[in-house]
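One structure is given here, and the rest of the page talks about it.
The values are calculated or read from the model by the stated rules, or taken from the named source; none is laboratory data. If you're wondering where the values come from, they're calculated on a predicted model, not measured in any experiment. Note: ideal-geometry Cβ built from the backbone for every residue, glycine included; neighbour counts use all protein chains shown. SASA here: full protein model, heavy atoms, side chains in, ligands and nucleic acids out. Shrake-Rupley method; radii C 1.70, N 1.55, O 1.52, S 1.80 Å.
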Amino acid sequence: MTITTAPHPILAPRQVERLIVGQATSDGDGVKLTRVLTQNLQRRLDPFLMLDAFGSDNPGDYIGGFPNHPHRGFETVTYMIAGRMRHHDSAGNSGLLSNGGVQWMTAGRGVIHSELPEQEEGVMEGFQLWLNLHSADKMIPPWYRDIPSAQVPEVQAAGVTVRVIAGSAQGTEGAIQRPRTAPLYLDLHLAAGAEFGQPLPAGHNAFVYVYRGELDIAGTAVPRQRMAILANSPASDGVVLRAGDQASRALLIAGAPLHEPIAQHGPFVMNTREQLIQAVEDFQAGRLA
Ligand code: CO
């Protein structure tokens with residue numbers, strides 16, 4: 001689905017508050033990845049809890065995948081750039097995530113799932129974002145949707161392709177809408193020198209992760225594999241991104257903060273320590289499946 005529109009004018013673009021270099025780590029069964037949004041940024045980037053970037057052409061870096069593990073209290077959004085990943089969960093869902101596809105899973109009161117590569121060679125590249133749930137929604141039933149690449153809405157502006165995973169851009173509704181956290185999740189492909197403006201409510205927390213080329217955001221150069229946290233100025237009305245002298249690609253992610261306590265123990269994210277203890281007990285007693 002492709003729609004062509006004129007770019008949206010932004011009069012008071014946000015500045016870059018800080019550039020973040022991700023931390024190399026591994027998770028699951030030895031999957032090497034870069035944790036871009038780490039636990040110490042959860043308050044600043046509320047309602048987002050984590051962003052992992054994975055990308056390798058060495059099967060040893062990804063072949064183990066993420067065998068059965070639980071989640072409770074938030075949503076996971078997996079976006080595949082290259083490669084194939086098979087998903088199974090305790091709610092009976094299964095799906096194959098491949099190039100350009102998205103998997104949106106609401107863990108709610110709990111799921112146990114596995115995410116395993118379905119390839120033994122080649123490039124595996126993608127992202128996993130964790131989006132918090134409001135305290136009133138943490139124990140909702142689990143929900144799940146696979147969005148194949150062809151069903152991710154796309155908008156064309158001058159030199160820019162926008163893949164609208166969540167929220168809306170240029171008048172095009174994304175694949176997923178969430179009223180409470182109002183997540184915006186755009187994958188932007190900019191030709192060399194192309195510019196893109198996106199309105200953002202001033203109170204929403206927002207960041208950009210550049211994964212190809214380099215962007216300029218309000219005078220700050222944002223190189224590849226950097227996350228730019230965008231300042232929340234009350235007067236700002238959006239963000240303007242401009243590609244340098246090469247084609248560039250970036251994720252633009254924003255959302256309405258929940259302003260609630262965050263208590264995390266590994267794959268469980270609740271509001272209090274007692275709720276975390278309950279989550280561990282429920283998992284151990286088999287009540288999450
Ligand atoms: Co998981």
(message) For a test of the definition: using alpha carbon positions, the gyration tensor, and the 1.5 limit on a/c, classify segment 97-200 as rounded, prolate or oblate.
(response) oblate
(request) Let me know the charge dipole size of the chain about its Cα centre in debye, to the nearest 20, where only the beta-carbon of Lys, Arg (+1) and Asp, Glu (-1) is charged. (result) 560 debye
(message) For the ranges 127-134, 114-121, 210-217, what's the packing order if you count other beta-carbon atoms within 10 Å of each residue, average per peptide, and put the highest first?
(response) 127-134, 210-217, 114-121
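Quick check of the Kirkwood formula: for segment 2-284, what is the inverse mean of 1/r over all pairs of different Cα atoms, in Å?
19.1 Å
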(message) Cut-off 10 angstrom, C-alpha nodes, Gaussian network model of the chain. Which of Ala157, Ala228, Ala53 fluctuates the most?
(response) Ala157
(message) If you consider only alpha-carbon coordinates, what radius of gyration and Dmax does segment 1-137 have, in Å?
(response) 16.7, 49
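How large, in percent, is the carbon and sulfur part of the accessible surface of segment 1-131 at a probe radius of 1.4 Å?
That fraction is 49 percent.
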(request) Select from Leu133, Pro59, Leu96 the residue farthest towards the positive end of the dipole of the chain; place +1 on Cβ of Lys and Arg, -1 on Cβ of Asp and Glu, and compute about the Cα centre. (result) Leu133
(request) Over segment 141-213, with every protein chain in place, what whole percent of the accessible area is carbon and sulfur at 1.4 Å, could you tell me? (result) 54 percent
(request) Could you give the size of the charge dipole of segment 1-123 about its Cα centre, using +1 on the Cβ of each K and R and -1 on the Cβ of each D and E, expressed in debye and rounded to the nearest 20? (result) 560 debye
(message) Between segment 104-162 and segment 25-50, what is the separation of their alpha carbon centroids in Å?
(response) 15 Å
(message) What does the extension gain come out to for Lys32 and Asp57, with contour length at 0.36 nm per residue minus their alpha carbon separation?
(response) 7.9 nm
(request) Compute the accessible area per residue over segment 1-129, keeping the other protein chains in place, probe 1.4 Å, unit Å². (result) 43 Å²
(message) Given N residues in segment 11-69, what is its alpha carbon radius of gyration divided by 2.2 N^0.38 Å?
(response) 1.43
(request) Under a 10 Å cutoff between Cα atoms, tell me which one of His69, His113, His259 has the largest fluctuation in the Gaussian network model of the chain. (result) His259
(message) Using helices alone, I'd like the mean residue ellipticity at 222 nm for the chain: each DSSP H run of four-plus residues gives -39500 (n - 2.57), total over residue count, nearest 500.
(response) -1500 deg cm²/dmol
(request) Between Arg86 and Ile140, take the C-beta separation as r, use R0 = 30 Å, and let me know the FRET efficiency to the nearest 0.05. (result) 0.75
